[in-house]
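Please read the structure below before turning to the comments.
The values are calculated or read from the model by the stated rules, or taken from the named source; none is laboratory data. As the structure is a computational prediction, the values presented were derived from the model and not from experiment. Neighbour counts are summed over all protein chains in view; Cβ atoms, including those assigned to glycine, are modelled from backbone coordinates with ideal geometry. Ligands, DNA and RNA are excluded from the accessible area calculation, which covers all protein heavy atoms including side chains. Shrake-Rupley method; radii C 1.70, N 1.55, O 1.52, S 1.80 Å.
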Amino acid sequence: MIKNSSEKAMNKLVALCKRRGYIFQSSEIYGGLDSSYDYGPLGVELKKNIKEFWWQSMVQTREDIVGLDSAILMHPKIWEASGHVEGFNDPMIDCKNCKRRFREDDERVKDKCPVCAGELTEVRQFNLMFKTQMGAVAEDASIVYLRPETAQGIYVNFVNVMQSSRQKIPFGIAQIGKAFRNEITPRNFIFRTREFEQMEMQFFVKPGSDGEWFEYWKEQRINWYDDLGIKKENLRFRQHGKDELAHYAAAAFDIEFKYPFGWKELEGVHNRTDFDLKRHTEYSGKDLQYFDDATRERYTPYIIETSAGCDRTLLTCLVDAYDEEELEKDTRTVLRLSPKIAPIKAGIFPLVKKDGMPEIGHKITDDLKKHMPVFYDESGAVGRRYRRQDEAGTPFCITVDSQTLEDDTVTVRERDSMQQDRVASDKLLEFLKDRI
Ligand code: ATP
């Protein structure tokens, strides 16, 4: 079968992720578990860096947003109030012959099964929430759900957080955490999986000011991807049409990225109105209104939500950074990740394994390690060591050579330009910090 270019591009990335220890198929030795992935040594670092960068920009550097880490298992009534029990459905179609299941909006689905040309069922609704039992007694009353979004944990803690942190409207609550959706057709590597992590922020505002805040957050969030190093031309907004708005939303924009398989949602910015807080007031019987001391007004705040997928952001960084550069003799594969989020900041190589070069290399590694993740490598030809680090996305490589023995300088090679600078060993930290 001839593979199309999008599939080829994704296959190359998937292979690199495995080769360099970014992402592995989950349960691989048992044949793998569909749509589950594990992050390897470099993947876990990259994910941590993305989360830290998000937290820094959304919480740490702002006075009007505070953090939260709510439980995955919550009172089942929350999901009735939120509308998820009734309405968190995807329309699906089954093939009567091969039993494969498709989303109704799958472009491949026409009037026959796109795989075996078998007859298709009518469209049916499929609830995406994972259900499980809590405690030892299996009865309906003990049903709980794995949360399909982190947002509800924020809404039900709105009063707790506001009172304890003494925030006044407008203010936001941010959370990073796992969410679970029993997706009908998980696809495209880690783009759509059944278990994933979200980075969500809910901003509580006075009704009437929601339009303005919505515009503000749209702008902030697209700029964040720019700061993350994603190329501008690969990002765009897409407004949801009236017919695709979620049950809670008054307005919604997706920030989309140009993946090899097309423009797709990377993050959603939603005006959720007062829907969620009003519903939780109704279902819990607790007053979730805000009292404005200055104006003596009482109201249910509107919520502007920014909802990003952490795994999807990581995939975006990898896709955006992946490059194959034609050189004179061969092709160089390089991950041009922003140094800010690159898992390893510098590789350290002794040119040869003798003349005291490994000892100097180890000393440099030990010194730098206290400040940033670095990697010592003495195996194989130096050119191959450079290439391994290019593929890993490491922005700098430091080589100890014979000149080091004379004047205590080393070669620093920059990943993207491959330009080499001579830097004094005792100035290395400063040199790297300036560039990271
Ligand atoms: P889609 O239409 O792609 O299913 P959605 O509109 O249901 O997504 P939201 O509910 O807005 O998505 O979720 C917010 C963000 O969470 C998405 O922009 C995405 O980054 C991430 N996300 C949602 N579902 C998944 C998934 N199954 N796997 C990975 N990330 C996801």
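Computed quantities for the displayed model
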item	result
The stretch 134-149, residues that are open to solvent by less than 90 Å² (accessible area, probe 1.4 Å) and either within 15 Å of HIS280 (Cβ to Cβ) or charged (D, E, K, R) (or both)	ARG147, GLU149
Residues located in the stretch 195-233, provided they are open to solvent by less than 10 Å² (accessible area, probe 1.4 Å), part of a helix (DSSP H, G or I) and closer than 18 Å to GLN167 by Cβ	TRP217
Spans of strands (runs of 3 or more DSSP E) in the stretch 114-194 with at least 2 residues of a type outside the set (Lys, Arg) and touching a residue at least 24 places away in the same chain (Cβ under 8 Å)	124-127, 143-146, 171-180
So LYS131, is it on the phi > 0 side of the Ramachandran plot, more than 13 Å from the ligand (Cβ to nearest atom) and open to solvent by 100 Å² or more (accessible area, probe 1.4 Å)	no
Residue count for the stretch 269-288, restricted to those that are in a strand (DSSP E or B), more than 12 Å from the ligand (Cβ to nearest atom) and β-branched (Val, Ile, Thr)	1
Residue match in the stretch 423-436 (condition: part of a loop (DSSP other than H, G, I, E, B), over 19 Å from TYR22 (Cα atoms) and modelled with pLDDT under 95)	yes
Options ILE93, ILE78: the member that is modelled with pLDDT under 95 and β-branched (Val, Ile, Thr)	ILE93
GLN163 vs. criteria more than 9 Å from the ligand (Cβ to nearest atom), out of contact with any helix residue (DSSP H, G or I) (no Cβ under 9 Å at 6 or more places or on another chain) and open to solvent by 10 Å² or more (accessible area, probe 1.4 Å)	yes
Scan of the stretch 167-191 for residues that are of a type in the set (D, E, K, R) and at pLDDT below 95, ordered by number	GLU183, ARG187
Residue ID - surrounded by the fewest Cβ atoms within 10 Å (Cβ to Cβ), chosen from residues in the stretch 239-268 that are assigned to a strand (DSSP E or B) and near the ligand (Cβ under 9 Å from one of its atoms)	LYS264
Test for VAL85: is it hydrophobic (A, V, I, L, M, F, W, C) and either open to solvent by 40 Å² or more (accessible area, probe 1.4 Å) or assigned to a loop (DSSP other than H, G, I, E, B) (or both)	yes
Residues being within 12 Å of the ligand (Cβ to nearest atom) and under 22 Å from LEU288 (Cβ atoms) - total across the stretch 166-197	1
